Amino acid sequence: MHFMTAEPFRIKMVERVKKTTKEERQIWLQEAGYNAFKIRAENVYIDCLTDSGTSAMSSEQWSALMLGDESYAGSKSFFKLEESVQDVFGMPYFQPTHQGRAADYIMAKLYAEKGKYAIGNMHFDTFRGNAEVLGALAVDYVIDDGKDTASPSHPFKGNIDLHKMQELIDGKGSDQISVVIITVTCNNNGGQPVSMKNIREVSELAKKHSIPVVIDSARMAENAYFIQQREEGYLNKPIKEITREMFSYCETATMSSKKDGMVNIGGLFVTRNAEIIEKAQQLAIIHEGFITYGGLAGRDLEALAVGLQEGCDEHYLEYRINQAKYLGDRLLEKGIPIIEPTGGHGVYVDGRRFFPEIPQHQFPSQRLVVALYEVAGVRAVEIGACAFGSKDPVTGDEILPEIETMRIALSRRVYTNSHMDVIANALGEIYKNREQYKGMKLVHEGSVTSLRHFTAGFELL
Ligand code: F0G
């Protein structure tokens, strides 16, 4: 950020957070089975578990809430949201849902087929869970640079590898691929952006083979900002012009509005296909609610209508992306290995390079999550061997993921850079003492492997 700019907002209301002692935190960790999802939020000082649903709403959003029209059908709030969605997505039809995964579910029902491939850069875990349940084969074709946490050179590490996609089409036949899903930004490898060129080329290749393209657009505004800053020809384009171009290359988009929608709850299913929206509406009526509210209150629709516009505000995005970079830079100064360049919604610490003595099957990144909470009351989340480990369907052997990280997710408009300093200093302390730490053992997991991190239990070795 330029030295004359700071947060483009004033803080009007605050929420007190509790400071706790290390001894208390050790007890809570033990009670939680060393799983960050099971720690009570009130016992967390700085909560970086997720950037989802944790945004601070603006005064404009809070006033819009009062205008919420709670009619079951055809509410005024729905039409306000419709206008905002069409403006940002440039597509005609949409269905609100109660959150992103409900839109994912509808999308999976309409686009994923049993025994067929669903290509993605890196599928988010809720789609992967849906695919697993439906029997679809979800494959991750992010470029190799996207899996190399140490190479800072590539500006768009979320890109899909077109060669891998072509190989699958050639090898299996295009009729064996039911959908391509581009997740912007790519959450699983560091909130890394996807370039416009890549979105366009993936779309052209898919079109040639009649494969529909879907964009998972939870962080579409952050992606658009990276395109504006990093891709040739976009520096002077307004963010919404960029988002509309991104979506011009897909048939359908899903969105967890809890991210760039700047709201605490909500999701969207957006499409240009009139037949698809009809089917989506049928599924929505069964699972979500009538088509003009989709499981949300009128006030939620109002807040989202405003939030989508604020999420695309350039000054906001400049602050947002630079806060993540600020934290990333503080960690790099301390020699802490992170995914570079820093992505959109947080900083991802490389667990294997941080704790080289802890083998991946002993969950180095999860160990770091536990250490960070113990030392400073900061809650982050593992994106590594537990969250993305899988099992060989035949032998049951554990398959370890290529990415092994701890994600420090940053809530929107919530924490200051002083909080970032606390996180960096705490990690600096742990890094200095890194030889003292040993690995962990998984002692409990649920039945859907791709979702086990939510309920897993661990022991310290
Ligand atoms: N797609 C992506 C890329 C996501 O990151 C998420 C949620 C979803 C879909 C599902 O949306 O939570 O509204 O149902 N990600 C959160 C996270 C949970 O912490 O990254 P949801």
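Tell me which residues, restricted to region 147-163, are assigned to a helix (DSSP H, G or I) and either in contact with a Phe, Trp or Tyr (Cβ under 8 Å, 6 or more places away or on another chain) or at pLDDT 95 or above (or both).
If the condition is that a residue be assigned to a helix (DSSP H, G or I) and either in contact with a Phe, Trp or Tyr (Cβ under 8 Å, 6 or more places away or on another chain) or at pLDDT 95 or above (or both), then Leu162, His163 are the ones that fit.
Checking Ser59 against (1) away from the ligand (no atom under 16 Å from the Cβ); (2) within 29 Å of Asn322 (Cα to Cα); (3) surrounded by 15 or more Cβ atoms within 10 Å (Cβ to Cβ); (4) among the hydroxyl-bearing types (Ser, Thr, Tyr), only one condition comes out false. Which one?
(3)
Per-residue answers, yes or no, for (1) touching a strand residue (DSSP E or B) at 6+ places or on another chain (Cβ under 8 Å); (2) of a type in the set (Val, Ile, Thr); (3) at pLDDT 95 or above:
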| residue | (1), (2), (3) |
| --- | --- |
| Phe89 | yes, no, yes |
| Pro96 | yes, no, yes |
| Gly100 | yes, no, yes |
| Ala103 | yes, no, yes |
| Lys109 | no, no, yes |
| Ile119 | yes, yes, yes |
| Arg128 | yes, no, no |
| Glu132 | yes, no, no |
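Among the residues of region 118-131, is there at least one that is surrounded by fewer than 24 Cβ atoms within 10 Å (Cβ to Cβ) and away from the ligand (no atom under 14 Å from the Cβ)?
Among the residues of region 118-131, not one is surrounded by fewer than 24 Cβ atoms within 10 Å (Cβ to Cβ) and away from the ligand (no atom under 14 Å from the Cβ), which makes the answer no.
Only residues that are free of Cβ contacts under 8 Å to residues at least 60 places away in the same chain and under 26 Å from the mean Cα position of the chain (by Cα): list them for region 408-461, please.
Ser418, Asn425, Ala426, Glu445, Gly446, Ser447
If you check Ile408 against the conditions, is it in a loop (DSSP other than H, G, I, E, B) and modelled with pLDDT of 95 or more? Even if it seems obvious, please write down each step before you answer.
Details: in a loop (DSSP other than H, G, I, E, B): no; modelled with pLDDT of 95 or more: yes.
Answer is no for this residue.
Whether any residue in region 254-262 is within 16 Å of the ligand (Cβ to nearest atom), in contact (Cβ under 8 Å) with a residue 40 or more places away in the chain and surrounded by fewer than 24 Cβ atoms within 10 Å (Cβ to Cβ) is what I want to check.
Checked against the condition, which is being within 16 Å of the ligand (Cβ to nearest atom), in contact (Cβ under 8 Å) with a residue 40 or more places away in the chain and surrounded by fewer than 24 Cβ atoms within 10 Å (Cβ to Cβ), region 254-262 yields no hits at all.
Among residues belonging to region 176-212 that are within 10 Å of the ligand (Cβ to nearest atom) and polar (S, T, N, Q), point out the one that is farthest from Lys114 (Cα to Cα).
Thr185
Hey, any hits in region 366-373 for a residue that's touching a helix residue (DSSP H, G or I) at 6+ places or on another chain (Cβ under 8 Å) and surrounded by fewer than 18 Cβ atoms within 10 Å (Cβ to Cβ)?
No, every residue in region 366-373 fails to be touching a helix residue (DSSP H, G or I) at 6+ places or on another chain (Cβ under 8 Å) and surrounded by fewer than 18 Cβ atoms within 10 Å (Cβ to Cβ).
Please go through region 213-239 and give me each residue that is within 16 Å of the ligand (Cβ to nearest atom), touching an Asp or Glu at 6+ places or on another chain (Cβ under 8 Å) and assigned to a helix (DSSP H, G or I), ordered by number.
Result: Met220, Ala221, Glu222.
Can you say whether Val347 is in a loop (DSSP other than H, G, I, E, B) and within 15 Å of the ligand (Cβ to nearest atom), as far as the supplied structure shows?
Here the answer is no, as Val347 does not meet what is asked.
Here's a check for you: in region 189-211, which residue that is among the small types (Gly, Ala, Ser) and crowded, with 18+ Cβ neighbours inside 10 Å is nearest to Ser178 (Cα to Cα)?
Ala206
For Tyr293, work out the one condition from (1) part of a helix (DSSP H, G or I); (2) assigned by TED's automatic domain parsing to the domain that holds Phe79; (3) more than 19 Å from the chain's Cα centre (by Cα) it doesn't fulfil.
Every condition holds for Tyr293 apart from (1).
Given the condition surrounded by 13 or more Cβ atoms within 10 Å (Cβ to Cβ), part of a strand (DSSP E or B), acidic (Asp, Glu) and not assigned by TED's automatic domain parsing to the domain that holds Gly191, answer yes or no: does some residue in region 388-399 qualify?
Yes: one or more hits.
Would you confirm whether or not region 143-158 contains a residue that is closer than 18 Å to Ile403 by Cα, among the charged types (D, E, K, R), surrounded by 24 or more Cβ atoms within 10 Å (Cβ to Cβ) and not assigned by TED's automatic domain parsing to the domain that holds Ile339?
Checked region 143-158: at least one residue is closer than 18 Å to Ile403 by Cα, among the charged types (D, E, K, R), surrounded by 24 or more Cβ atoms within 10 Å (Cβ to Cβ) and not assigned by TED's automatic domain parsing to the domain that holds Ile339.
Give the residues of region 263-284 that are part of a strand (DSSP E or B) and either away from the ligand (no atom under 16 Å from the Cβ) or over 22 Å from the mean Cα position of the chain (by Cα) (or both), sorted by residue number.
Thr271 - this is the single residue of region 263-284 that is part of a strand (DSSP E or B) and either away from the ligand (no atom under 16 Å from the Cβ) or over 22 Å from the mean Cα position of the chain (by Cα) (or both).
Just for region 432-444: of the residues that are closer than 15 Å to Cys386 by Cβ and surrounded by fewer than 17 Cβ atoms within 10 Å (Cβ to Cβ), which one is modelled with the highest pLDDT? If you could, list the steps in order and put the result at the bottom.
To start, the set of residues in region 432-444 that are closer than 15 Å to Cys386 by Cβ comprises 439-444.
Okay, now just the ones that are also surrounded by fewer than 17 Cβ atoms within 10 Å (Cβ to Cβ), so 441, 443-444.
Details: Lys441: 94, Val443: 91, His444: 89.
By that ranking, first place goes to Lys441.
So which residues in region 117-138 are farther than 17 Å from Thr185 by Cα and either among the aliphatic types (A, V, I, L, M) or within 16 Å of the chain's Cα centre (by Cα) (or both)? Break it down stepwise before answering.
Within region 117-138, the subset farther than 17 Å from Thr185 by Cα is 117-118, 129-138.
Result: Ala118, Gly129, Ala131, Val133, Leu134, Ala136, Leu137, Ala138.
Could you tell me how many of the residues in region 90-102 are in contact with a Leu (Cβ under 8 Å, 6 or more places away or on another chain) and over 13 Å from Val263 (Cβ atoms)?
Counting residues in region 90-102 that are in contact with a Leu (Cβ under 8 Å, 6 or more places away or on another chain) and over 13 Å from Val263 (Cβ atoms) gives 2.
Would you pick out the residues in region 20-45 that are over 13 Å from Ala371 (Cα atoms), within 16 Å of the ligand (Cβ to nearest atom) and either hydrophobic (A, V, I, L, M, F, W, C) or surrounded by 16 or more Cβ atoms within 10 Å (Cβ to Cβ) (or both)?
Phe37, Ile39, Ala41, Val44
Kindly indicate whether Thr292 is under 15 Å from Thr97 (Cα atoms) and more than 16 Å from the ligand (Cβ to nearest atom).
When the stated conditions are applied, Thr292 passes them.
Which pairs have Cβ atoms under 7 Å, sit 6 or more apart or on different chains, and link a residue in region 346-371 that is assigned by TED's automatic domain parsing to the domain that holds Lys432 to one that is buried (at least 23 other Cβ atoms within 10 Å of the Cβ) and basic (Lys, Arg)?
Every condition considered, the pairs that remain are Gly346/Arg407; Tyr348/Arg407; Phe355/Arg367; Ile358/Arg367.
The values are calculated or read from the model by the stated rules, or taken from the named source; none is laboratory data. The shown structure was predicted, so the numbers you read here are calculated from the model rather than taken from an experiment. Cβ atoms come from the backbone with ideal geometry, glycine included; neighbour counts cover every protein chain shown.
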